[in-house]
Amino acid sequence: PVPRNKAVIGQNAFSHESGIHQDGFLKNRETYEIMTPQLVGIQTSELPLGKLSGKHAFAEKLKQLGYEISPEKQVELFKQFKSIADKQKNVSDYDVHALVQGHYHETNAAYHVENLQLQFVAEGVQSAVVQLRDNDGKQYQSAATGTGSILAVYNAVDLIFDAESELLNYQISSVTEGSDAQAQVNVELSIDGRSYY
């Protein structure tokens, strides 16, 4: 494989992180790319989001991820994005999904996690007790086991909703450092062919 930082043909040659580069690339990709990524065996150019990214790159990422958001809401989301970008080096697609979903679910979240308990049962087997509350205050609780804590939680949620979900992606990353570090978890589920983040 070609090293990522190899001049001209490495992946970094087609990755535009600086806000001014992102803006120029979005207006005319030939400004910063004298050849197409496919010419050197790379699928596509990257537009990674970070603290140097501007409004245009953020709006383009929302569009790439399938969101149609009004300019007014984009301004609000962009402020939140910049706050996240100041805390972590890169902002992933899952971070953007979580930002958008969190924005829309502040008032419209259908269920809230009230309690979650995990317990080691045997080697490779965990149990989970999940308690949810809906907007009307109704409580739902279920327990299940699985090969690992994540699968145990999803099995319990499946029982609550009497539906089978498929865990498509699970990503955990630290937000802060130290022994009391906080983490951010990004989850992608598929239920009846629809993806949820």
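Semi-axes of the stretch 110-163's equivalent ellipsoid from the Cα gyration tensor, sqrt of 5 times each eigenvalue, largest first, rounded to whole Å?
Details: eigenvalues 97, 21, 9 Å².
The equivalent ellipsoid of the stretch 110-163 has semi-axes of 22, 10, 7 Å.
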Near the amide H of Val91, under 5 Å away, which other amide H atoms are found, from residues 5 or more places off or on another chain, if H is placed in the peptide plane? Leu49, Gly50
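Pairs of Cα atoms under 8 Å, at least six residues apart: use those to get the relative contact order of the stretch 110-163, whole percent. Mind dumping the intermediate values first?
On the way: 106 pairs, mean separation 16.0, N = 54.
For the stretch 110-163, the relative contact order is 30 percent.
Please arrange Phe81, Phe161, Phe120 by how many other C-beta atoms lie within 10 Å of their C-beta, fewest to most. Spell out each step's value before the answer.
Numbers: Phe81 24, Phe161 13, Phe120 10.
Lowest count first: Phe120, Phe161, Phe81.
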Return the lysines within reach of Lys63: Cα separation strictly under 28 angstrom, same-chain partners fewer than 8 residues apart disregarded; answer none if there are no such residues. Lys27, Lys51, Lys55, Lys73, Lys79, Lys82, Lys87, Lys89
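So how do Tyr111, Tyr94 line up by other beta-carbon neighbours within 10 Å, fewest first? Show your work: numbers first, answer last.
Details: Tyr111 15, Tyr94 19.
If I rank by nearby Cβ atoms, fewest first, I get Tyr111, Tyr94.
Only the coordinates and a few stated rules stand behind these numbers; no lab work does. This structure is a prediction, so every number in the text was calculated from the model and none was measured. Heads up, the Cβs are rebuilt from the backbone with ideal geometry, glycines too, and the neighbour counts pull from every protein chain shown.
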